[in-house]
Amino acid sequence: MEKYLYLLINLASFIVPFLASFYSKAPFYKKWKYVWIAILVPALFFVIWDEIFTIAGIWGFNPRYLTGIYLGALPLEEVLFFICIPYSCLFTYFAITHIFEKDYLFPHQELISSALIIGLLISGMYFFEQMYTGVTFILLGMFMAFQLLRLRPRYMGRFYFAFGFILVPFFIVNGILTGTGIDQEVVWYNDKQNLGLRIGTIPVEDVFYGLLLILMNVVILEWLEERERYKRARQARVKK
């Protein structure tokens with residue numbers, strides 16, 4: 001039974017948000033035509049990144065907790081991770097923004113983003129010899145800089161607020177995957193390629209890796225929805 005552990009973690013993370021998507025007062029399923037694009041595009045990027053780092057021995061997977069089905073160097077469960085977890089996180093982002101109408105962090109969103117960008121880029125360059133640390137920090141810093149300077153989003157306050165809630169299931173799921181409560185870790189890390197700092201059993205880099213993944217999901221979702229709103233507004237003006 002333990003060989004299904006990683007698969008069950010994925011399914012458990014997905015099933016409740018999926019069922020809750022049909023809640024009539026906040027129907028998340030109506031956003032699916034945007035949601036799946038927002039999930040699959042970053043998933044392709046992360047699967048390629050994951051494949052390269054797995055082959056390089058920067059991290060790997062314990063066959064004890066896997067079904068044994070592989071796509072390239074990656075177990076099927078790892079590929080499903082980039083679908084199931086983003087779905088649950090996008091649902092959480094949607095739910096939090098629905099429940100909390102006030103954007104508490106809006107006045108500070110650019111300051112938070114700017115501080116993160118500077119800190120990430122400097123740290124990424126300084127620790128670039130640790131590939132997981134350097135690549136993750138620099139990619140996240142560059143993506144946030146692009147977003148701040150080019151897209152100039154107005155939803156980052158809501159995103160940071162929602163991410164605080166997302167971190168709760170993140171620590172539970174990643175905790176199990178990195179060995180909390182089980183005999184061995186599901187995902188192992190080469191500590192020569194990271195800072196060696198852990199939150200419990202979780203490498204600190206995983207927080208920023210997860211932040212990049214979910215931020216990419218949210219950016220694409222918000223962009224697609226904004227484009228649709230603009231299209232409808234333009235059509236309405238034409239009709240008048």
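Taken together, the values in this text are just the output of simple stated rules run on the coordinates, not laboratory data. Treat the numbers as computed from the prediction; the structure is a model and nothing was measured. When we count neighbours, we look across all protein chains shown, and the Cβ atoms used for this are built from the backbone with ideal geometry, even at glycine.
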(request) Mind jotting down the distance between the C-alpha centroids of the stretch 176-237 and the stretch 29-60, whole Å? (result) 10 Å
(request) Any of LYS25/LYS102; LYS3/LYS33; LYS3/LYS31 with alpha carbons more than 26 Å apart? Name them for me. (result) LYS3/LYS33; LYS3/LYS31
(message) Can you list residues from other chains, or at least 5 along the same chain, whose modelled amide H is less than 5 Å from the amide H of TYR70?
(response) LEU76
(request) State the dimensionless ratio Rg/Rh of the chain (Rg: radius of gyration of Cα atoms; Rh: Kirkwood radius). (result) 0.98
(request) With only Lys, Arg, Asp and Glu charged, each at its Cβ (+1 for the first two, -1 for the last two), find how big the charge dipole of the stretch 2-239 is about the Cα centre; round to the nearest 20 debye. (result) 1500 debye
(request) Quickly estimate the mean residue ellipticity at 222 nm for the chain, helices only: each DSSP H run with n ≥ 4 gives -39500 (n - 2.57), and the total goes over all residues, rounded to 500. (result) -22500 deg cm²/dmol
(message) Could you tell me which residue out of PRO75, LEU105, THR136 lies farthest along the dipole of the chain toward its positive end? Charges go on the beta carbon: Lys and Arg +1, Asp and Glu -1, centred on the Cα centre.
(response) LEU105
(request) May I ask you to work out the translational diffusion coefficient for the stretch 123-184 at 25 °C, viscosity 0.890 mPa s, via Stokes-Einstein with Rh from the Kirkwood sum over Cα pairs, reported in whole µm²/s? (result) 174 µm²/s
(request) Scan around TRP188 for amide H atoms under 5 Å from its own, H built in the peptide plane at 1.01 Å from N, and keep only partners 5 or more places away or cross-chain. (result) GLY60, PHE61, ASN62
(message) Using a 7 Å offset from the Cα along the Cα-to-Cβ direction at both ILE55 and LEU151, what is the distance between the two label points in nm, to one decimal?
(response) 2.9 nm
(message) Could you tell me the relative contact order of the stretch 28-152? Use alpha-carbon pairs under 8 Å, at least six residues apart, and round to a whole percent.
(response) 20 percent
(request) Work from the charge dipole of the stretch 2-239 (Cβ charges, +1 for Lys and Arg, -1 for Asp and Glu, about the Cα centre) and give the residue of ALA38, GLY119, CYS89 farthest towards its positive end. (result) ALA38
